Each structure stands twice: as C-alpha cells, then as structure tokens.
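To start, the structure itself, in structure tokens.
Bear in mind these aren't lab numbers, they're just calculated from the coordinates by the rules spelled out. These figures come from a predicted structure and were not determined experimentally. Positions of Cβ are backbone-derived with ideal geometry, glycine not excepted, and every protein chain shown enters the neighbour counts.
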Amino acid sequence: MTPGDGGAHAASARPRFEMRGIRKAFGATVAVDGVDLSVAGGEVCALVGQNGAGKSTLMAVLSGALRPDAGSMTLDGAPYRPQSPLDARRVGVAMIYQELSLAPHLSVAENIVLGAEPSRFGVVDWQRARQTATNALAELGHTDIPVDAAVETLSVAEQQLVEVARALAIGSRVLVLDEPTSALTRDDARRLFDLIRRLRKQGHAIVYISHFIEEVKDIADRIVVLRDGRVAGSGAAADLSAQQIVGMMVGRNVDDLFPRSARQPGEPILEVDAFGPGSASLTLHRGEVFGIAGLVGAGRTTLLRALFGLEDVQSGRVRLGVYEGPGTPASRWRQGMGMLSEDRGGEGLALGLGVGDNLTLSRLEGLGPGVMVLPARQDHAVRKWIERLAIRTSGPRQPVVELSGGNQQKVALARLLHHDVDVFVLDEPTRGIDVASKAQIYALINEVVGVHSDSGKRKAVLMVGSYLPELLALCDRIAVMRRGVLGPARPVSEWDEHQLMVSATMADPPASGADA
Amino acid sequence: MTSRAIGLTERRLIALAPAWNAAGPLLGLIFVAVLFGLLVGPQFFRPGNLELMARQTAIVCTAALGMTMIIVAGGIDLSVGSVVALTTVVIAVLLRAEYSPSVAALGGVAAGAICGLINGLLVTRLRVVPFIVTLGTMIVVRGAAKGLAEERRLEAPATWLNDLLRTLGRGEGFLVPAGIWLVVLLAMVVGVTLGYTRFGRHLFAIGSNERTARLCGVAVDRVKVAAYTIVAALAGVAGVLQFSRLSVGDPTVADGLELDVIAAVIIGGGSLSGGRGTVPGTILGATTMAVIAIGCSQKGLPNWLQEVVTGCIIVLAVALDRLRQR
C-alpha cells in the first residue's frame, strides 16, 4: 500500500492479464509513465485518479486502442500485443466506454453480434444471431430486454447491458468498465453492481474505472491509484480508507508557478441565482477569480456555456453588469463577457484561419471604416497582442493550426483581451499545454484582476479547472460542482486539495444501498 | 492531449499552401492556354478570340462569384442553374407584359434572390444540409420555371438587354461588351466583400469552424441566409446575361450549369470543406474552363473529347485541393 509498490498483484491467483512498465506519451506530455498492473480472474480491480492521471490512456493500451511506447503485456501467461480494439476483443479483452459505442438504429441482437456475425455461406444466420444474443442476455440475468428492439429505444442502463452482453457473446475474459455509473440512476447503478459481482463469480477479470471513491470501495477487491501517469499507491479495498485514497490521488507536488498580486474584490459584476443548468447561485466581483472545481462530466462546462448563451437556460436569474436575463453569445460579448472554450481545436479556434482572424473575430469593429476590415489595421492590432503575450508565430497571417498548443491557447485568450471584456469566462484555460505557457496564462489571469491592472477597470474571472493546485493558487473563492449541482462558494483559505477532492467525489454515493 | 502530430511531408505542404493557393490556378490557366496556343496557333490569342472567351465565360463567372462566397462559408448551392433558367423566363414574361427592360432585368434578379432567401431559410431553420436543400430547390425551381413558361420557350420583344453580350466588332481594339464590364464590376465588389469586410471575415470564420464563429458572437444564421440570397441574386444576374444571349425565356437552359460553376470555384482554389476560396482564383478557374472549351472547338476536337478533358481537369483540381488540405 505504500506509494510506488507498483500495484503488484499480491493475491495468490495467477493473473489473468499483466501489464509491465507501460509508457505512453503524446508529444511532450507523458500520459502513462512506467505503470505495472495485473488483475486475476475473479477479481475486480478499481483504477482511480484525478482527471488526466492516465487511467483512460492505460486502459486504451490494454484494449488495443493505443500502442504503448514501451512495456509489455501478457494475457493468461501468453504475450499479448493487440493491434486494434477489434483484435483485443477477439482474444477476450473488451472495454465498455463512458460514451456507449452501440449502433443506435440496429437491433439488440445485431449489436451484440456486430463484427462477429454468425454466418452460413457468407449470409448472416439471424436465427443463430438472435440465439447468441438471447443467451448472452440470459447470462446477465436480463431476459427482459427484447433482442429485436432497436437499441435507441432502450434506456441508457439497458444499452450498457447490451454492451456488456456484446462483450460476453464473443467470450471476453477481461472487462474494462470506464465510468459506468456516471450516466445511471441509483437503482440502475445498483443493478450494474449486482451484475459485476456475478461476472466476478464467473471468473472474469474486471477493471473498474471511477472517480467516485465510495462506489469504488463498495465494488472493488483491490484499488490502484494513478497520479501523473504513475502508480501512486494500491491496496485491498477493505484496508484503504477513503481519506487514504484521496491522499494518494492528490499527492503533494505544488509547483510555484503561481504569481499572486494584491487583490481587492470590487463591486459585483455577475450575479447568478438558482440558475439551471447547475442549480447555481454565485456572485462574481470585479477584481476576483472565482473557481469551479469538480470532476469531468459534473456539469461545470454546461453551466459556463449556459451563462454565455451557448446552452439553453432552464431556470433562475442571471444579471451581468446592468443587463438582466439570459443572452446569446453575441449579446454577451457586447455586454462585456467573453468565453474561452475547453475544446480549443473543435470550438475555441478556427484552426485553418490565421492568428489575426481568430484573435479579432469577436470584435472586427474599428479595424476599418464602416463595415470594412483593413488587413493592415488588423495586423497592427494583432501584433500588439502577439508581442504582449509572447505568442510564438511568424505573424498575424499564420494559420493557427501551425502553432503549438500553448500558443494556440494564448491566441484564444488574447481574443478576450482584444475585445476588452470585463468578465472572463475560462473553461480549462490550461488544458493540454506546456508548463511555460501555463505560467504565462496564470500571470495573465492574475494581472487582469489585479489592483494595478493597466487597462483601468479591474476585470473578473470565472474559471473551471481540473488541476487542483492551479485552482487553489489562482482563485479567491472556489465552489465545487458535483453531479450537475454547484455547491456553495468558500474562500480559498478554507479549501485544500483534499477537501476539494472529497467534495467532488463523495457524499451521496449512488450505490451505497447495495452493501446491505 | 497536445497538438496533433503532423508528419514532415504534411508540414511541407502546409508551408507551401499559401503560395500554392495563389499560384496554382494561375499556373493551370497558363498551362492550358499555352497548350491550346500551340495546338491552334497564334490566332488563338487574337483580341477577338479573347473577347469570345470572355463572353463565353461571363455567365459561369457571374454565378461563380456567388458560389465562391457560399463555398467559403462551407455551404453549396446546387440550384444556380435552375435559377438562371427561371430568371430568363421571368424576364421574358415581364417584357411581354410590356415592362421596361430594366424593370424586367431587376425582376429577374429579384426572383433569383427570393429563391436564395428560401434556400437560406431552409438551411438555417430546418438544419438540413445545404446539399440536400439546394438539390431539392434545384428541381423545384426548374419545375417552377417550366410552369411559368408553360413548358415552352417564351419569345420576347427585342430590347437593349439582348446587346449585353453582343460583340463590339471584328476583333479590332479591346473594348468589350457592357455585360463583361458588369462582370468585372461585380467581381470587384464580391472580391472586396470577401476580403475586406466584416461580412467576408464572418463567411470565412463560419466555413472554417462554425462553432468558433458562434462562440465569437457571429450571427451565423443571419450571415448564411444573406450568403444564400446573394449567391442566388448573382445567379439572377447570370440569368440576365443568359437571356441576353438567347433573347428568349427558356426554362430548360443552363441545365447542369451549377456543376461548371462549382468546378470553377474548386479549380480556383476553393475548398468544399469551407474556409477557403478567392475571387481571382474563381475567375482563373472559370477562364481555364472557357479556354479548354474554345480551344477544343477551334482545334476541331470532337465534343466528347472536350468533355473528357474538362472532367479530368476537375478531378485533378479536386485532387490538388485534397493535397492542399492539412
């Protein structure tokens, strides 16, 4: 259970699969760095860790979706080198993803045999296909699901069962479940746990990925904690306390990248009351950085997008400066609110266009007479930001696709500066960028809310972040979002990583009734 | 996680892209011009012949100006051929009702613009992809034109409209007919709009990444409706030129014109995935096709060979388009 014991398998049973020294890097980011993991048949091993700890990457390697840079794997003692997820499935390693991967228009039976259709003379034998499907569902104890129904007519929980049935139908020995309960109701989650226990009894090796500590303690035999791509610790679920698990998830490595100048909250500029989605109530002041912590999928992004007019507002009040009520992105920009998207390539930037076009898109006004945009004036305006943010580019016309992630992010952030917004809504502002760019973005956030801000009025920042040290260092107040509900805001001095992690992962476990 | 891994070859292609964008269509045009110059002889470049090419390509060019806008915005309009036909019929109907030629011409353009407005509203309101919407309106508008003309060619009284594309003489001098000047003027207006106005920047943004445009407060739907209206209005102007050539309202004219128009934009460097395209490129593309057509006919090459050559050029241009993509 000491950190670094490599999660080596202690049980007497021979491991069903074994991973040794797995390493996988994406560019400069090492997602998984020398991880050992082995799971025996009839064992449920939980894999936990913060967002970006490397869980999904490690499992993508196991299920053949990613090829490791280094390391080896065995399956029942034999070398195991899957070339693709299909390859992995054929030898019995199946992954059930967060986003279900069923074909919605096809029937349950068609989905279950998909890719392994029984056939005679090249013609699919539907009789046998339906039988296979029926058997697989019966094995799960769910004969209630009709094999001829289109998958899209089923509930999420039922669809998940179909996925599991599909894995069983081709004789899976290893099952990986990635955040299986995040989309389930309590009852469905409990039924899923019953199913997992049954599969364990049948001798399957099961890897269970989850953020929710209580849930993991409930279902797993053994827990392996990942942090920053390495095994931070492991142990029998019965021996580990929730506090110990959180301690291993959080670690103790705060970088001192975070400048912090004197801050003085001014007048309120954004007031949100009983706002849905997110059941959010908060007040953001000028000169303040307000952080929203929580797990991926907790609904943080949806809340920001609704405030900015990119998603429908369901309920509640919102006031931005003197403007009451919800808005559209266009009106929000006019009212002095700008948003940085978490999806830099998909939404934040038009990758094919130049630095200048991206940077000035929200505010082309003033770059020429009337409706005109004069390239010379645009370039001039843009060069100022390139210089100020030290964006590494050959010039305002260079397509942003050619820039590094960090420089792309600076372009996206510079758009808000160019627009001169009062409220910066930042969704994961430092996701996937290098440390140097991170430090610059931290400094920038600190600067815009600072008392000595050069642009006259102090700004306000509302940010979502997943890296806890970052939030704790940058923010003045933090609220935690959990399963679609925003908790109360508290001054940063009253938070630490441990408490943030506890608030994000615990209380109201979905399946606590199952231990009875 | 980090920026996508890009291979070395691809990096080189990206680096080449800007220069290639400008030079590609021009090189293509020079190539076919030299080729047919050699095949046909120096008389191929006589002013009279050049004027013929300009007159020949005026209709495609006009419609292609609008198409450039819509393709830059990531859309497509298949209904321009039908709109041209409808416009000729509307002009003939108005002339027969003894309206003045300018009223008739404006009426024709307005009819086109209304078709475009409908396209735009369907695309933005119903969220149906533009290919399908305009495929539908292509057939509907063609049908409407036939209905309006009662399935025949509508004779119309002769007016100055018929002179828009009439040649000015026997090839002495280099003054071109009024219709050509009209195309030149429109090309400048569209070129400036695309390159130097907020509307133009918004078109590029929508075509490059619609979600980014929305995030940045661009009124995406309004811009799209405007673009579809403009492309059809320009098709209406092409219809006026078409009427000038025919001097009758013909509901079956310009069948398949939309494909020539799209080909001109693509050969000129437009990308069907949006975010790319220029007016000079489009004009070079349209001219390239005209050179091939006229060169083939003057060399006495059979019609079928001309079609084969044009088809090959289009595929080649699209293949180059693919290469230019990252």
**Prompt:** Hull surface divided by four, with the convex hull built on the Cα atoms of region B:211-262: how many nm²?
**Reply:** 4.7 nm²
**Message:** Apply the a/c threshold of 1.5 to the C-alpha gyration tensor of region B:100-217 and tell me whether it is rounded, prolate or oblate.
**Reply:** oblate
**Request:** List, largest first, the extents of the alpha carbons of region A:283-395 along their principal axes, each in whole Å.
**Result:** 45, 33, 28
**Message:** Residue by residue through A:395-407, how many Cβ atoms from other chains fall within 10 Å of the Cβ on average?
**Reply:** 2
**Item:** Percentage, to the nearest whole number, of Cα pairs in region A:347-415 over 19 Å apart
**Value:** 24 percent
**Request:** Report the one residue of B:LEU106, B:ALA63, B:PRO47 whose Cα lies farthest in the direction of the positive end of the charge dipole of chain B (charges on C-beta: Lys and Arg +1, Asp and Glu -1; origin at the Cα centre).
**Result:** B:ALA63
**Fill in**
Placing one equal point scatterer on each C-alpha of chain B and summing with Debye, one gets log10 I(q)/I(0) at q = 0.12 Å⁻¹ equal to -0.84
**Cα-based equivalent ellipsoid, region B:39-176: semi-axes from gyration tensor eigenvalues, Å** = 31, 23, 12
**Message:** Restricting to Cα atoms and excluding each atom paired with itself, what does the Kirkwood estimate give for region A:170-213 in Å?
**Reply:** 11.1 Å
**Complete:** Rounded to a whole number, the Stokes-Einstein D of region A:265-343 in µm²/s (Kirkwood radius over Cα pairs; 10 °C; 1.306 mPa s) is 123 µm²/s
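Provide the packing ranking of A:457-466, A:64-73, A:394-403, A:122-131, i.e. peptides ordered by the mean count of other C-beta atoms within 10 Å per residue, highest first.
Values: A:457-466: 23.0, A:64-73: 16.7, A:394-403: 18.4, A:122-131: 13.6.
In decreasing order of mean packing, A:457-466, A:64-73, A:394-403, A:122-131 become A:457-466, A:394-403, A:64-73, A:122-131.
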**Request:** Averaging over all projection directions, find the projected area of the Cα convex hull of region A:180-258 and quote it in nm² with one decimal place.
**Result:** 6.8 nm²
**Asked** For region B:123-208, which GluC sites (Glu not before Pro) are in a loop by DSSP, counting at most 13 other Cβ atoms within 10 Å?
**Response** B:GLU150, B:GLU151, B:GLU172
**Message:** How big is region B:66-141 along each principal axis, measuring the range of its Cα positions in Å and listing the largest first?
**Reply:** 41, 22, 19
**Asked** Per the Kirkwood formula on distinct C-alpha pairs, the Rh of region A:104-231 is how many angstrom?
**Response** 15.8 Å
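What relative contact order, as a whole-number percentage, does chain B give when Cα pairs under 8 Å and 6 or more residues apart are counted?
Values: 566 pairs, mean separation 111.3, N = 326.
About 34 percent, as a whole number.
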**Prompt:** Can you give the percent of C-alpha pairs in region B:179-326 whose distance is more than 23 Å?
**Reply:** 46 percent
**Per-residue ³J(HN,Hα) for region B:254-260, Karplus 6.51 cos²θ - 1.76 cosθ + 1.60, θ = phi - 60°, Hz, x for Gly and Pro** = 6, 6, x, 4, 4, 6, 4
**Asked** Along region A:289-305, what does the Karplus equation 6.51 cos²θ - 1.76 cosθ + 1.60 (θ = phi - 60°) give for ³J(HN,Hα), rounded to whole Hz, x for Gly and Pro?
**Response** 10, 10, x, 10, 9, x, 8, 4, x, 7, x, 5, 4, 4, 4, 4, 5
**Request:** Return the sequence-ordered ³J(HN,Hα) values of region A:189-203 in whole Hz as given by the Karplus equation 6.51 cos²θ - 1.76 cosθ + 1.60 applied to θ = phi - 60°, using x for Gly and Pro.
**Result:** 5, 5, 5, 4, 5, 4, 5, 4, 5, 5, 5, 5, 4, 6, x
**Asked** Expressed as a rounded percentage, what relative contact order does region B:270-326 have, with Cα pairs under 8 Å and six or more residues apart?
**Response** 26 percent
**Request:** Evaluate peptide A:372-380: per residue, the Cβ atoms of other protein chains within 10 Å of its Cβ; return the mean as an integer.
**Result:** 2
**Prompt:** By its C-alpha gyration tensor, with a ≥ b ≥ c as the square roots of the eigenvalues, how is region A:31-71 shaped: rounded for a/c under 1.5, else prolate for a/b larger than b/c, else oblate?
**Reply:** oblate
**Prompt:** Quick one: Debye curve from the C-alpha atoms of region B:100-164, no solvent, what's log10 I(q)/I(0) at q = 0.25, 0.27, 0.28 Å⁻¹?
**Reply:** -1.09, -1.15, -1.18
**Cα convex hull volume per residue for region B:254-326 (Å³)** = 87 Å³
**Asked** In vacuo Debye scattering of region B:170-231, one point per C-alpha: log10 I(q)/I(0) at q = 0.30 Å⁻¹?
**Response** -1.22
**Asked** Cα axis of helix A:375-388 to longest principal axis of chain A: angle in degrees, 0 to 90, nearest 10?
**Response** 70 degrees
**Complete:** Percent of all alpha-carbon pairs of the protein assembly as shown at distances over 53 Å, whole number, is 28 percent
**Overall Cα dimensions of region A:71-115, principal axis frame, Å, largest first** = 39, 20, 16
**Per-residue mean of C-beta atoms belonging to partner chains within 10 Å, peptide B:103-113** = 0
**Computed P(r) (all Cα pairs; region A:376-449; 10 Å bins; percent)** = 19, 55, 25, 1
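Quick check on packing: order B:26-35, B:297-306 by the mean number of other C-beta atoms within 10 Å, highest mean leading. Please report the intermediate quantities before stating the final value.
On the way: B:26-35: 15.7, B:297-306: 12.4.
Taking the mean over residues of other Cβ atoms within 10 Å, the ranking is B:26-35, B:297-306.
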